[in-house]
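Student: Dumping the structure here so I can ask a few things about it.
Only the coordinates and a few stated rules stand behind these numbers; no lab work does. Quick caveat, the model's predicted, so the values are computed rather than measured. Note that each Cβ is placed from the backbone with ideal geometry, even for glycine, and that neighbours are counted across all protein chains shown.
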Amino acid sequence: MKISEQIISIDGIDKIILRLLSQDARTPIMMLSKATGISGAAVHQRLKKLEKAAIISGSQIILNPKILGYKTLAFIGIYLDKAIRNPEAVKQLEQIDEVIECHYTTGNWSIFVKLLCKDNEHLMELLNKKIQSVEGVSRTETFISLQQQLNRQLKV
């Protein structure tokens, strides 16, 4: 691994480790060791360096929202009456559990959010009672995802 001007170059061994872990974050050290041809201790050291360099920022369990009853995925473009309201609006959006991503954007909207709902009625309730009541929200545009066709990590 080589660091220069906030850009970090990774070598072939790091790439193998990252590819395997991005496919399954629970890949055992011994499997990473076999795939890279280095010892388990060396893999562990490389993982620590990758974490320290912030290339790896953790691992997570991915829940299946459909099995948990969340069948509607929606994206909402939020218009704010004033750009200065953004930080407070985001704090209020953080209080809505169904909001799973929030982005400050260029273009038409001030904020773009991704949320999971149980169904369209649940989405409508969230829009009417929670999102549109956030102070500073002047209007919203909603897009319902019919099917997620691609979901992947950055390739290294």
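Student: Using the Cα centre of the chain as the reference point, and only Cβ charges (+1 on K/R, -1 on D/E), how large is the resulting charge dipole? Debye, rounded to the nearest 20. Walk me through the numbers before you get to the answer.
Tutor: Values: 21 positive and 16 negative charges, 140 e Å.
Here the size comes out at about 680 debye.
Student: Next question, about the same structure. Sticking to Cα atoms, compute the Rg of segment 95-156 to one decimal and its Dmax as the biggest Cα-Cα distance, whole number, in Å.
Tutor: Rg then Dmax for segment 95-156, in Å: 13.4, 43.
Student: While we're here: Just the Cα atoms of the chain, one point each, no solvent: what log10 I(q)/I(0) does Debye give at q = 0.19 Å⁻¹?
Tutor: -1.06
Student: When the distances between all Cα atoms of segment 1-88 are binned every 5 Å from zero, what whole-number percent does each bin get?
Tutor: The distribution over segment 1-88 is 3, 11, 17, 15, 10, 9, 11, 12, 8, 4, 2, 0, given as percents.
Student: Against the empirical 2.2 N^0.38 Å scaling, what ratio does the C-alpha Rg of segment 2-52 come to?
Tutor: Working it through for segment 2-52, the quotient is 1.12.
Student: While we're looking at this one, here's another question. Report the residue, chosen from 131, 29, 78, that carries the largest GNM mean-square fluctuation when the chain is represented by alpha-carbon nodes joined by springs under 10 Å.
Tutor: Comparing 131, 29, 78 in a Gaussian network model of the chain, the most mobile one is 29.
Student: GNM on the chain, C-alpha springs below 10 Å: top fluctuator among 58, 77, 136?
Tutor: In the Gaussian network model the winner is 58.
Student: Here's another thing I want to ask about it. Rounded to the nearest 20 Debye, what is the dipole magnitude of segment 72-145 about its Cα centre when Lys and Arg each give +1 and Asp and Glu each give -1 at the C-beta? Intermediate values should be presented prior to the final figure.
Tutor: Details: 8 positive and 11 negative charges, 39 e Å.
It comes to approximately 180 debye.
Student: Among 123, 47, rank each residue by its count of other Cβ atoms within 10 Å, from fewest to most, as a rough exposure measure. Walk me through the intermediate numbers first.
Tutor: Details: 123 21, 47 18.
Lowest count first: 47, 123.
Student: Per DSSP helix of 4 or more residues, -39500 (n - 2.57); summed, then divided by the residues of the chain. What does that give at 222 nm, rounded to the nearest 500? If you can, show how the numbers build up before the last one.
Tutor: Numbers: 5 runs with 48 residues, N = 156.
-9000 deg cm²/dmol, from helical runs alone.
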